[in-house]
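The values are calculated or read from the model by the stated rules, or taken from the named source; none is laboratory data. Just so you know, these numbers come straight off a predicted model, no measurement behind them. We place every Cβ from the backbone using ideal geometry, glycine too, and count neighbours over all the protein chains shown. Heavy atoms of the whole protein, side chains included, go into the accessibility calculation; ligands, DNA and RNA do not. Shrake-Rupley method; radii C 1.70, N 1.55, O 1.52, S 1.80 Å.
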Amino acid sequence: MIDQQMSLRGGAAGLPVRPRTGRFLVLAVVFVCAACGLVYELELVALASYLIGDSVTQASVVLSVMVFAMGIGSLLAKRLRGRAAVGFGLLEAALALIGGTSALVLYASFAWLGESRFALVGFSLAIGVLIGAEIPLLMTLIQRVDRQDAGGAVADLFAADYVGALVGGLAFPFLLLPVMGQLTGALVTGAVNAAAGGALVLWVFRRDLDRRSRWVLITVNVTVIALLATATVLVDDFERAARRAVYGEGVRVAVQTGVQEVVLTGAGRDSLDLYLDGRLRVSSRDEHRYHEALVHPAMAGRHARVLILGGGDGLAAREVLRYPDVESVVVVELDPAVTRLARTDPALSGLNAHVYDDPRLTAVTGDAFTWLRAPHGRYDVVVSDLPDPGITASTKLYSAEFYGLVVGALEPGGRLVVHAGPLGSRPATFWTVEASMRAGGLSTRPYSVEGRLDGFAAGPDRSRDATTSPRDWGFVLAGRDPVGRLRLDPGSPGLRSLGDRELLAAGRSAERVRQREPLPSTLVHPRYWEEP
């Protein structure tokens, strides 16, 4: 009879809410905390993939370390079950601060220290421990509110937890990332996390707190939210300072697109650098050498119709359109922001000779693999100017299946040229590309040239060098039929740095270091990785 009266007044434990209301509030906080926890995980994976590369490896590191740490957190939570309310309140404040600032600190360590792997593992471990400690404490709290059987309580908690994870997982790519960006999104998530955990304890379980515990929780939560709010206000200044640390003082354009981060540095044609996801893709100091070596060997022969895969900067198209007998050029670029910059940025459009104003050129936005699967006619020349193999997002574009699609797009006697990564520093990757092309039905002819950047600061890889630093570019020329020796077209325009003699030497130097019988890379068995 006494228990029934206590239940009517607010619950068997004397809480300020009815059991059903208290149970709903606890499950609502479980939902919010689960959503926030998954956002922290996805933030770490996304930022680590951008900063370090190889998204498969980074996702594996984050998730495996975090799941391991969750087990540790569950064991450590046993010590807090006697004071579950105050323990949960402090735990959520710590999780909000660490998870909310994780992306900020990870980017800072990359920008100023040049290394973010240790920070990545540290945050994965800390966040995992705190997330793992949540469920045991919440189990104690929900039974404190409504003394249901343990099996029912566990089912309710995990249902709310999984639904919250679903919402957090969808909110990250479709809301937080495009609207707020990685840094602000993590900070706002942390503030929501702290507010939800603090509100639950300070309202529903306030009678479990003594005066000192109550003021400690209030002070800690207010401090955490204030720190996260201050960081949110200052995040733009932080990003600008970090970019200057990574790219130098000359950053003119920094855009986070739906595909990648695009950064342009330098104001003139002689000092222009284009970075995609932190990797230098174009430097005006030696891009002519790269693009001449990429394009012109493939133009030896019929070249009326040309297809360029990637190359949204317009520089490969510039070399192609130097041939007056080229009738049409199609550029298939995944990121429309790159082609937009190539059209509108004065320095970049000047460097590509305003090729997007040429009526012979058609720009298409799309994934090269998907685009090739649809019929678009046949081409005399296909130029593959794509990100380096080994970057996980581009692995399928260096697979045997991809080259099989290219074969279907080539005219009889047509040629394909592929940028296959640096032969000198990543030989296994280069020869895997060549083997994949042969597996796709192509006859190949590899070659390698060297570029040179005066005073080049390598940026994100932190290999800064005040002296002259060489760059090594490897290419593979291929065709449905044997391609013969490397040569330039007799009608080729005058080139700045490439001639028939040097081209033959480039082919001989590649053959001297050929790796015998490497296995091809396929969609179901990718064989590229980041070589040291």
For the range 268-325, compute Rh as the Kirkwood radius over C-alpha pairs and then the Stokes-Einstein diffusion coefficient at 20 °C and 1.002 mPa s; write the answer in µm²/s, rounded to an integer. 172
Compute the FRET efficiency between Glu517 and Val364 as 1/(1 + (r/R0)^6), taking r as their Cβ-Cβ distance and R0 = 35 Å, and round to the nearest 0.05. 0.40
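Full extension from Thr57 to Ala267: what is 0.36 nm times the residue separation minus their Cα-Cα distance, to one decimal in nm? Don't skip to the end; give the middle numbers.
Working: separation 210, 0.36 × 210 = 75.60 nm, distance 3.62 nm.
Separation in residues times 0.36 nm, less the Cα-Cα distance, equals 72.0 nm.
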The local net charge around Leu200, scoring Lys/Arg +1 and Asp/Glu -1 for residues other than Leu200 whose Cβ lies under 11 Å from its Cβ, equals 0
Long-range Cα-Cα pairs in the chain (distance over 41 Å), rounded percent: 35
The summed charge of the Ala103 Cβ neighbourhood (under 13 Å; Lys/Arg +1, Asp/Glu -1) stands at -3
State the percentage of accessible surface on the chain attributable to carbon and sulfur atoms; use a 1.4 Å probe and exclude ligands, DNA and RNA. 60
Quick test of the membrane-span-like rule: which DSSP H helices of the chain reach at least 15 Å along their long axis (C-alpha atoms) with mean Kyte hydropathy at least 0.0? 19-52, 55-76, 84-108, 117-145, 150-171, 181-199, 211-247, 427-439
Cβ-based net charge around Val32, under 13 Å, with every Lys or Arg adding one and every Asp or Glu removing one: -3
Which FRET efficiency, nearest 0.05, do Trp215 and Arg252 yield, Cβ-Cβ r, R0 45 Å? 0.35
If a/c stays under 1.5 just call it rounded; otherwise compare a/b with b/c (prolate if a/b is bigger, oblate if not). Do that for the range 338-435, with a ≥ b ≥ c from the square roots of the Cα gyration tensor eigenvalues. oblate
Can you figure out the FRET efficiency of Arg244 with Val179, using R₀ = 22 Å and their beta-carbon distance, to the nearest 0.05? 0.30
Just want to confirm a number: the relative contact order over the chain, from Cα pairs under 8 angstrom separated by 6+ residues, in percent. 13
Quick one: P(r) of the range 156-281 from all Cα-Cα pairs, 10 Å bins, percents rounded to integers, in order of increasing distance. 11, 28, 27, 18, 11, 5, 1
